[in-house]
Amino acid sequence: MSELIKKHSGLGIASFVVGIASGLLLLTVFVIAGIAETSTPGGIDEKSPIAVFIGLFLFLFLGVALVGLVLGVAGLLQKDREKVFAILGVIFSAIAILCPILLVLVGLALGG
């Protein structure tokens, strides 16, 4: 009976956790950026330390989401393992990558 039950993929679980965490962290970065932009008269200076940190954390968390995407794909390629967490990890990581990119592109189109 135990041969019929597949174990969950460790890579898939890791991808799921990393995808959710990176998405939440990216959302936090954008909320902080929005608060800093609205609370600063005239907006944030692009060379201010807060703008630099926001940019660095944006790229860091996008990199983390990319790692989650790779882990999810690796989890999908494992044989004899459940793929639920790997699929969810790929979806959450892809959303965590695409949403900030689209938001930045919309911001550039409207502000530029």
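Every number here is computed from the coordinates shown, using simple stated rules; none is lab data. Here the structure is a predicted model, which means the values were calculated and not measured. Every residue, glycine as well, gets a Cβ built from its backbone with ideal geometry; the counts of neighbours run over all protein chains shown.
Points worth noting:
- Over the chain: helical MRE at 222 nm, DSSP H runs n ≥ 4 each giving -39500 (n - 2.57), nearest 500: -27500 deg cm²/dmol
- Filtered GluC sites (Glu not before Pro), region 21-112: DSSP coil and at most 16 other beta carbons within 10 Å: E46
- Built amide H within the under 5 Å cut-off of H8, gap 5+: E82
- Each Lys or Arg adds one and each Asp or Glu subtracts one; over the other residues with Cβ under 15 Å from the Cβ of I87, this totals +2.
- Charges were assigned to the Cβ only: +1 to each Lys and Arg, -1 to each Asp and Glu. The resulting dipole of the chain about its Cα centre is roughly 380 debye.
- Listed candidates [x] 16; [y] 35; [z] 13 - label of the one calculated as percent of Cα pairs over 25 Å apart: [y]
- Loop-resident trypsin sites (Lys or Arg not before Pro) (DSSP state other than H, G, I, E or B) in region 1-52 with no more than 16 further Cβ atoms inside 10 Å of their Cβ: K6, K47.
- Degrees, to the nearest 10: 10-39 long Cα axis against longest axis of the chain: 10 degrees
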